[in-house]
Each structure stands twice: as C-alpha cells, then as structure tokens.
Amino acid sequence: MTKVFEIVPRRGSWDVLHNHVGFRMCPGKREAIRLALTLGRMQRRLGDEAEIVLRDGERQIRHRISADSRYSARA
C-alpha cells in the first residue's frame, strides 16, 4: 500500500499531510522535508511504499520510496 506524504506551504509555515490529512505544521521548509522523509523511510521498514510530494507554488516534486529495496527510486 502506498502512503502519500505531502508538504504544502501555509501562511508562515509548512504543513505535512499524510494521505491528505494534516499531520504536523513545521516552521520551515527544511524541517517539513526532513519530517516527510523520515516518515517515508519508516513506511519502508513496515513493508509499505511511500511517496513524498513537495508542492512549492507552481512546482510539484515527487520522491518515491520503494518497499522492496534499500534504496529510494525517483519517479
């Protein structure tokens, strides 16, 4: 099962969403990215795939973490 972690800018902070539900607000972009990557790696240990989506204005960056390998693959 694929878990989706989204990083979305909010007024003065960054919101990390897990499957479209708010998980935690972070004061900086770097902290939000770090949190989403940590959560994604935890999903790999549980046997699930994870996708991290950074929505930064018009850009959207995706990073996929596969459940069956030790290394992440970019999609």
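The numbers here are math on the coordinates, done by the rules we state, and not lab data. Everything numeric here is computed off the predicted structure, so don't read it as measured data. For neighbour counting, all protein chains shown are included, and Cβ atoms are generated from backbone atoms with ideal geometry for every residue, glycine included.
Give me the percent of DSSP beta bridges within the chain that run antiparallel, rounded to the nearest 5.
Approximately 75 percent, going by the DSSP bridge assignments.
Starting from the Cα of Arg24, step 7 Å along the direction of its Cβ; do the same at Thr38; then give the gap between the two resulting points in nm.
Result for the modelled spin labels: 0.5 nm.
In percent, how large is the relative contact order of the chain, given Cα pairs closer than 8 Å and 6 or more residues apart?
The value is 27 percent.
Sum -39500 (n - 2.57) across every DSSP H segment of at least 4 residues in the chain, then divide by the residue count to get the 222 nm mean residue ellipticity, nearest 500.
-7500 deg cm²/dmol
Starting from 0 in steps of 10 Å, tell me what percent of the Cα-Cα pairs of the stretch 1-46 lands in each bin.
The percentages, shortest bin first, are 31, 55, 14, 1.
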